[in-house]
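The values are calculated or read from the model by the stated rules, or taken from the named source; none is laboratory data. Quantities reported herein were computed from a predicted structural model and do not represent experimental measurements. Every residue, glycine among them, receives a Cβ derived from its backbone with ideal geometry; neighbour counts consider all protein chains shown.
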Amino acid sequence: MPNPIRHFLQFSDLTAAEHHWILQRAAVLKAKFKRYEKHHSLADRTMAMIFEKASTRTRVSFEAGMYQLGGSVVHLTTGDSQLGRAEPIEDSAKVISRMVDLVMIRTFGQDKIETFAEHSRVPVINGLTNEFHPCQILADIFTFLEHRGLDAQGRPDPALMRGKVVAWVGDGNNMANTWLQAAELLGFTVHLSTPSGYEVDQTVAGIRSRDSYKVFTDPMQACRGADLVTTDVWTSMGFEAENEERRKAFADWRVDTEMMRMAKPDALFMHCLPAHRGEEVEADVIDGPQSVVWDEAENRMHAQKALMEFLLLGMVA
Ligand code: CP
Ligand code: NVA
């Protein structure tokens, strides 16, 4: 394992060069997977996956990915472990990290995952918190590059993110915060449009300046000239009590074909999923020709395999 231990609690925990390496490695691992070529770089390694919120993609992508790398996983939820019975996070971290090589956590506050990491002997990966979803943005950028950012040899070239425009339409949530971190690190711009009262808080997003994003009150204007249009649910996990209020506030923040027409003709559409057709996105957009949501979902696995290798082995290959 690289020394000192590296965690991936937010996108900016890794440098631009490290992200570049992981994105290119993801392409190599994906190609091997498609050829059914065995690649057991993490043989005999074990990862604990702790879920305090529901998941389909994060669970399947990490679990399948770890098995494909020759390792194994232990799956824990709040309900079936002592985590749900108030065992201190510090104690849980000390115990779990003595038995496994890697930990992935999906939880509520970022502070919880930070406390866990402080007391962990092994790398910790953020599988979504209220504040960030870094694995998703890693996969989203990989997906964008596969479609619009290949070099002459057909490899994803992270430098091609530079100067691109990503339109974010919707909640100033964990996904929006992480897009802002990625933009600052990789040199692209986010056009941000959220309803009033649901803006991104730059301090929570953990970015240094406003140089890498522009705020638009009108979502149509945010989409103008964008290379990628993306959105997310109106109500994230943990905020269900605000559902009705949010449905009213977000009514004009539905990505529809008109918004897509404001973007570049070859713009892509992404959504981390799960999606609610007729709420944050029209069916014609998510099921239409510009949508790459299925590649995006699959790429969670390839990007995270590269991430797990990086955290446990460093820049191998
Ligand atoms: N996009 C995403 O993280 O999906 P899950 O909630 O299904 O893991
Ligand atoms: N913002 C959403 C993403 C789900 C993958 C949530 O936190 O529920």
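Please determine whether any residue of the range 13-21 is of a type in the set (Gly, Ala, Ser), part of a helix (DSSP H, G or I) and away from ligand 1 (no atom under 16 Å from the Cβ).
Taking every residue of the range 13-21 in turn, at least one turns out to be of a type in the set (Gly, Ala, Ser), part of a helix (DSSP H, G or I) and away from ligand 1 (no atom under 16 Å from the Cβ).
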Exercise. Name the one entry in 180, 160 that is touching a residue at least 24 places away in the same chain (Cβ under 8 Å), of a type outside the set (Asp, Glu) and either part of a helix (DSSP H, G or I) or in contact with a Lys or Arg (Cβ under 7 Å, 6 or more places away or on another chain) (or both).
Key: 180
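Quick check on the range 216-275: of everything there that is hydroxyl-bearing (Ser, Thr, Tyr) and more than 16 Å from ligand 2 (Cβ to nearest atom), which residue is farthest from residue 195 (Cα to Cα)? Let's see the steps before the verdict.
At the first step, the residues of the range 216-275 found to be hydroxyl-bearing (Ser, Thr, Tyr) are 217, 230-231, 235-236, 257.
Those left that are additionally more than 16 Å from ligand 2 (Cβ to nearest atom): 217, 257.
On the way: 217: 7, 257: 19 Å.
By that ranking, first place goes to 257.
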Quiz item: Looking at the range 58-90, which of its residues are more than 21 Å from residue 32 (Cα to Cα), in contact (Cβ under 8 Å) with a residue 12 or more places away in the chain and charged (D, E, K, R)?
Solution: 59, 90
Practice problem: Among residues belonging to the range 265-280 that are surrounded by fewer than 18 Cβ atoms within 10 Å (Cβ to Cβ) and not small (Gly, Ala, Ser), point out the one that is nearest to residue 164 (Cα to Cα). | Solution: 266
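Looking only at the range 33-56, which residues are of a type outside the set (Gly, Ala, Ser) and within 16 Å of ligand 1 (Cβ to nearest atom)? Let's see the steps before the verdict.
Initial filter on the range 33-56 (of a type outside the set (Gly, Ala, Ser)): 33-40, 42, 44-47, 49-53, 56.
Correct list: 47, 49, 50, 51, 52, 53, 56.
Checking the condition in contact (Cβ under 8 Å) with a residue 60 or more places away in the chain, touching a Leu at 6+ places or on another chain (Cβ under 6 Å) and among the polar types (S, T, N, Q), which residue from 55, 120, 41 passes? Break it down into steps so the answer makes sense when it comes.
Values: 55 fails: touching a Leu at 6+ places or on another chain (Cβ under 6 Å); 120 fails: touching a Leu at 6+ places or on another chain (Cβ under 6 Å).
The conditions single out 41.
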Practice problem: Might you let me know whether the range 198-208 holds any residue that is under 30 Å from residue 66 (Cα atoms) and within 16 Å of ligand 1 (Cβ to nearest atom)? | Solution: no
Practice problem: Check off (1) farther than 24 Å from residue 77 by Cβ; (2) within 16 Å of ligand 1 (Cβ to nearest atom) for residue 175 and give me the number that stays unchecked. | Solution: (1)
Quiz item: Of all residues in the range 236-255, which are touching a residue at least 12 places away in the same chain (Cβ under 8 Å), touching a helix residue (DSSP H, G or I) at 6+ places or on another chain (Cβ under 8 Å) and farther than 25 Å from residue 289 by Cβ?
Solution: 236
Self-check item: Failed item in (1) within 16 Å of ligand 2 (Cβ to nearest atom); (2) touching a strand residue (DSSP E or B) at 6+ places or on another chain (Cβ under 7 Å); (3) under 17 Å from residue 300 (Cβ atoms), with residue 52 passing the rest
Solution: (3)
Quiz item: Got a sec? Which of 81, 61 is at pLDDT below 95 and among the small types (Gly, Ala, Ser)?
Solution: 81
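For the range 214-224, check the following and say yes or no: at least one residue is more than 20 Å from residue 20 (Cβ to Cβ), crowded, with 22+ Cβ neighbours inside 10 Å and touching an Asp or Glu at 6+ places or on another chain (Cβ under 6 Å).
Initially, the range 214-224 is screened for residues more than 20 Å from residue 20 (Cβ to Cβ), giving 214-224.
Filter once more, so that each one left must be crowded, with 22+ Cβ neighbours inside 10 Å: 219, 222-223.
Filter once more, keeping what is touching an Asp or Glu at 6+ places or on another chain (Cβ under 6 Å): none.
Scanning the range 214-224, I find no residue that is more than 20 Å from residue 20 (Cβ to Cβ), crowded, with 22+ Cβ neighbours inside 10 Å and touching an Asp or Glu at 6+ places or on another chain (Cβ under 6 Å), so the answer is no.
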